[in-house]
Structure formats: C-alpha cells, structure tokens
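The values are calculated or read from the model by the stated rules, or taken from the named source; none is laboratory data. Because the structure is predicted, anything quoted here is derived from the model rather than measured. Neighbour counts run over all protein chains shown; Cβ positions are idealised from the backbone, glycine included. The protein model used for the area step is the full one, side chains on, heavy atoms only, and it has no ligands, DNA or RNA in it. Shrake-Rupley method; radii C 1.70, N 1.55, O 1.52, S 1.80 Å.
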Amino acid sequence: MKLISYNIQYGYGSDGRYDLTRAARLVDGADIIALQEVERHWQRSNEDDQPAILSGLLPDYYWAYGPAFDMDASERRDDRIVNRRRQFGTMILSRLPIVWSRLHTLPLRRTARPLNTRNAALECMIRTPAGPVRVLSLHLAHIAAEERLEQIDYLNAEHRRAPSDGGPWSGVDDEPQRNWSNGQPEPENPLAAIWLGDFNMEPGSAEYRRIVGSTPYHRDAAYIDGFVDAAAIASESGLDFHTHEKIIDGRLAKRRLDHCFVGGMLADRVRSIRTDIGEVASDHFPLRIDIDLETPFGSTRSMKPT
C-alpha cells in the first residue's frame, strides 16, 4: 500500500501562492493520506472550509478531520446566527473505510514568546487487507524539545495501552434495545500502528530517540510495542533525503522533519520511502512510503521483498 504524509501549510506554497488543488494533485492516488496544517474559516485562506474542499478534490476517499484548536468564527446574516468554527488541525483520507477515529489534543506549554499553538494527533483505525491498523496523522510542537518530549510520552502511553483500552465500545450490551453497537461487532483497537506527520525534529534528536529507542548494539532491534523509523529500514531515493527547506542564519537548511514510524511488528513490511523534493505546493515536501499491508498478519509467507 502507498502512504503519504504531507504538511500542506494550509495551502500556501513556498512560492507564496495559495492553492489547495496543488496539494490534492500531489497526494491523489495514495491508499492512505495523512495531512497536517489543514484549516477552516481563516482569513488567510479565504475563509475556506479546507476539509470540505479537499474531500471534494479527492472524492474517492473516506476522510476524518481533527482540529487542534477550535475558535468561534460565526457571523450574523439577515438577523440569524451562522455558526462557524475557526479550526486548525490534521486530516486522514483513506481508500478503505475509517472504522473509528479519535482526536488526541497534546500537552501544551504556555509561552511568553514566541507564538505557541495547540498540537494534536488524529487517530484512525483502518481494516487493511493485512489486518486492523491504527494510523495517526500528527503535528508536534515547533517551540522546543521539552514540549515535544511531553507530547511523545503522552502518545507512547496511549499506544501501549490501546489493546487493553479497547475501541469506542466494548463488552456485551445489557440493554440491546438501545442498540449502542448499531448491529456491529466490537471494533478493534490493535497494537499495530503507524505514525505519520510533521514531528518538528530531526533524526538523532532526543525526541527521535524517545520514539525509536537507542541502538548501541542491536541496530535492527524492533520492540513489538515500540516504533521503528521507516527511513532507517527502507531503500531511500538518494542520499539527499529531506522533507523541509528553510533559510536559517543566511544558509539553506535541509532538514528531515516529517517522518513515518511503524510499529515493531510492521518493520519488515516497509519497502521504500522517498520525498518529492522540489515541490512548491507547501513549505514541506510530501513523504511517500510503500509498505506491505496486504499480506495478512500472522502469515507464514516471508515478509522480505523478492
């Protein structure tokens, strides 16, 4: 299956143009798309409802949207209140149905300067041909490592207790006339997970090690309840592998801020990873991952490519 993670910077390209259609064209065709910096009803983006626009541009996808923060953007028209919310968050689109979703609002430290904003992770459970997988589209703090570490600790804890927590409901309904299950079986909350997004951190940082651990001896170690960097185990398209460019102190900095981390049980299924370096639809580049989510979990068939 083909996965894409892309911080679309609310449709503003590195060329200064606002155009959501460019981002939509870049991600169209993938099986699962994780977007960051998607917004609703902001002056800077023509008051557009971007999730609605993107879903219209990508009509073959199921989708879910999770706002990191939610502010009033209502108007009074003809003596009526038109209720609107100014939102900013993450989005997941999938060719397969999104069985359930939930939003994690991540720990935030209040700043005196500079501007700091709430971050969030949108979690969607998708039944792939391989089995159920939780896919997260997330955006971590840009301020400092301390805040990102707190956010990662929160997400790690949520991840490890997912199977014992269960999904939106669990157990047998003792009042079936209320039909809480809507006639469906209890949905899965699997340990298998993939984190996609703008992590605002580079490989080797303290935050990066908090996710993948340290590997002083067994460099290919993969804990079942932990994560592995897809780029560390996949074939990359050249040595110049980065997802973001910015002029810092007068020099062009090429940084890998966007990542795909796969659960340890999925590590052998990653096939390739690359970025669309040079695309101008955002200040980030799309991150593309090929991963085997077709072979059923527990299959005795080799996971290694032939």
**Message:** Taking the criterion of being β-branched (Val, Ile, Thr), within 18 Å of the chain's Cα centre (by Cα), outside any strand (DSSP E or B) and modelled with pLDDT under 95, would at least one residue in the range 106-117 satisfy it?
**Reply:** yes
**Request:** Mind listing whichever residues of the range 10-43 are in contact with a strand residue (DSSP E or B) (Cβ under 8 Å, 6 or more places away or on another chain) and in a helix (DSSP H, G or I)?
**Result:** Tyr10, Gly11, Ala23, Leu26, Val27
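Can you name the strands (runs of 3 or more DSSP E) wholly within the range 201-294 that have at least 2 residues being in contact with a helix residue (DSSP H, G or I) (Cβ under 9 Å, 6 or more places away or on another chain), open to solvent by less than 40 Å² (accessible area, probe 1.4 Å) and not acidic (Asp, Glu)?
Numbers: elements: 227-229, 244-248, 251-255, 258-263, 270-275, 287-291.
Counting at least 2 such residues, we get 227-229, 258-263, 270-275, 287-291.
Which residues, counting only those in the range 146-193, are open to solvent by less than 60 Å² (accessible area, probe 1.4 Å), touching a residue at least 60 places away in the same chain (Cβ under 8 Å) and not in a helix (DSSP H, G or I)?
Narrowing the range 146-193 to residues open to solvent by less than 60 Å² (accessible area, probe 1.4 Å): 147-149, 151-152, 155-159, 162, 166-167, 171, 173, 181, 187, 189-193.
From what is left, the residues that are touching a residue at least 60 places away in the same chain (Cβ under 8 Å) are 149, 159, 167, 187, 189-193.
Correct list: Gly167, Pro187, Asn189, Pro190, Leu191, Ala192, Ala193.
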**Asked** Tell me, which residue of the range 115-132 that is open to solvent by 80 Å² or more (accessible area, probe 1.4 Å) and touching a residue at least 24 places away in the same chain (Cβ under 8 Å) is farthest from Glu147 (Cα to Cα)?
**Response** Arg127
**Request:** Tell me, please, whether a residue that is at pLDDT 95 or above, over 30 Å from Asp292 (Cα atoms) and of a type in the set (S, T, N, Q) can be found in the range 48-63.
**Result:** yes
